[in-house]
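Shown next, in structure tokens, is the structure this report addresses.
Throughout, read-outs are computed from the coordinates displayed, never taken from laboratory work. Computed from a predicted structure; not experimentally measured. Note: ideal-geometry Cβ built from the backbone for every residue, glycine included; neighbour counts use all protein chains shown.
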DNA sequence: ATAGGGTTAG
């Protein structure tokens, strides 16, 4: 595997110090960028080719500035700003783009030399600024500024320039102002090229109007690979993952060379769906089309394989990457954690830190998840502290979620409650839900009743809380209360989101609902399920119906549980997945307790492997055991 | 000599 994008050398990773003399700066910067490795990053290569002829290199240097680690360079742009009065049009245009806001707008009217290019640089700067910072104040100010720049361009007679128009369309798209964007687009129908069309496409996608984007795409007089990848990205953004993959396949079939963006996006779609065959197809496209492997692609592949249940393939890709960025490390660490390989995840985190990388909030989601899933209580507490104290990362809801889970699971329910009550943001009810299920597990009846009633008040539509509370009452043999909770639940008319299970077979995705009879092979599936049930009963399996709360008899409960979507998928797996291969299932909800037992038993009795991805983790089941250690 | 569109981790 070839990876074509090496990172900066260690020398360049340290922020350079800058002098007032741009010539000296250029030499120093180029020195820092010169190759530890034969291949250089694109921008750096351009710099190196231009050599040390500073006068010529300066604009390129400026162009490369935003991509370089210039933490210590606050005064540098200002010193450039002061020299701008004598800058050439060429250099000052670059200045417009690289200076931090609000310098470009202050600089623009004072520049002695401007040309139509200047407007595009200025607009690009505004768009970047707006894109990078979603704050309302920034947004309003930038929009006003953009409209002002638009007016200036009209006055200067530059508004008909193709590049200026494209930059304007992009700008209004970033603002989310599709009406203004459309107006610029419609004004001069003859001054358009593929970039114009792509900018409009992207504007609609950004505004969440993927349907309109699709109409534009279908009617475009010209398309290139960016048009395709924008549409694929649009569908992924809207959660229409199957459609996104369909468009991607169409692109490949039509012979359009898939670019990195399209592939990364398609991999993300496959990852979110959890469909390994789809993901492998995208990987094949990479290999067949000879797309150069990059850090982005590597990271996306690692993520895809982890989320599609093949942590081994993820590791293989990760290990083959000669250079990795934070994305790649985070994907791998989080992947190990969701697969229950907590020790490996923590070990990898330590390696990551020892190689000089700086963890992000996502890294800690992975690490804390790893600790919680593996029961590493002390380590979890320690990393939680480390995150804030050493790295200055503020805890987000996900971090609290991991910690509450970690503590509750270990029986430290009181500590979990203290953590929730001390939070600096309003806690998500889900955190209390974690505490509630811990109360059930650890038999804390009184606390469970308090928390359960509070939760039902907070979120009356969530049926899981009623189920938990009722089972806590049941555990305490308070049958009157159990009945009351049931009644409350049916009166409130809680809506449980419908559970489904997906199964892939030879490129076709099969979706099952509870008691589903719609599948074309339904008869065979139910026959298979009967056979499995018989064999499991012989092996001593007894259904546990405690998770069924409907007011029905036990016999009916057993029946209800027997046709859970997951079991239908397993039965179908017996029919279509060749022996020796694991049966892979993707679920939207958590596995119910009895299905979990049932599935484990299947792996033991029939000697098959089952891999289930539920809402938040993987269950690797083999020989009657599960990687989650029966806690989820 | 300069310019414009698309990109992923919880």
Once you sort the root eigenvalues of the Cα gyration tensor of the range A:174-283 as a ≥ b ≥ c, which label holds: rounded (a/c under 1.5), prolate (a/b larger than b/c) or oblate (the other case)? prolate
Here FRET efficiency (C-beta to C-beta, residue A:343 to residue A:207, R₀ 45 Å, nearest 0.05) is 0.50
Sequence ranges A:265-275, A:384-394, ranked by mean other-Cβ count within 10 angstrom, highest first: A:265-275, A:384-394
Between the range A:571-632 and the range A:297-376, what is the C-alpha centre distance in whole Å? 23
State the extension gain, in nm to one decimal, for the chain segment bounded by residue A:326 and residue A:136, taking 0.36 nm per residue of separation less the distance between their alpha-carbons. 65.5 nm
How many angstrom lie between the C-alpha centres of the range A:449-496 and the range A:114-161? 56
Using the eigenvalues of the Cα gyration tensor, what equivalent ellipsoid semi-axes result for the range A:500-626 when each is taken as the square root of five times the eigenvalue, whole Å, largest first? 20, 17, 15
Each label sits 7 Å from Cα toward the beta-carbon; between residue A:280 and residue A:590 the label points are separated, in nm, by 3.2
Which of A:478, A:287 comes first, and how do the rest follow, when ranked by fewest Cβ neighbours within 10 Å? A:287, A:478
Over the range A:500-626, what is the mean sequence separation of C-alpha contacts under 8 Å (at least six apart), divided by residue count, expressed as relative contact order in percent? 27
Please sort A:142-151, A:481-490 by packing, taking for each peptide the average over its residues of neighbouring beta carbons within 10 angstrom, highest first. A:142-151, A:481-490
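Rounded, prolate or oblate, given the Cα gyration tensor of the range A:428-492, with a/c below 1.5 counting as rounded? Show your work: numbers first, answer last.
Details: a/c = 2.08, a/b = 1.01, b/c = 2.05.
Here the range A:428-492 falls in the oblate category.
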Quick one: order A:564, A:129 by neighbouring beta-carbon count within 10 Å, fewest to most. A:129, A:564
Extending each Cα 7 Å along its Cβ direction at residue A:249 and residue A:194, get the distance between those two points in nm, one decimal. 2.5
Full-extension gain in nm, residue A:237 to residue A:523, via 0.36 nm per residue minus C-alpha separation: 99.2 nm
What does the C-alpha gyration tensor say about the overall shape of the range A:461-533? Classify as rounded when a/c is under 1.5, otherwise prolate if a/b is larger than b/c, or oblate. prolate
Pull out the extension gain between residue A:414 and residue A:289, defined as 0.36 nm times the separation in residues minus the alpha carbon to alpha carbon distance; nm, one decimal. 39.4 nm
Neighbour-count ranking for A:133, A:533, A:218 (other C-beta within 10 angstrom, fewest to most) reads A:218, A:133, A:533
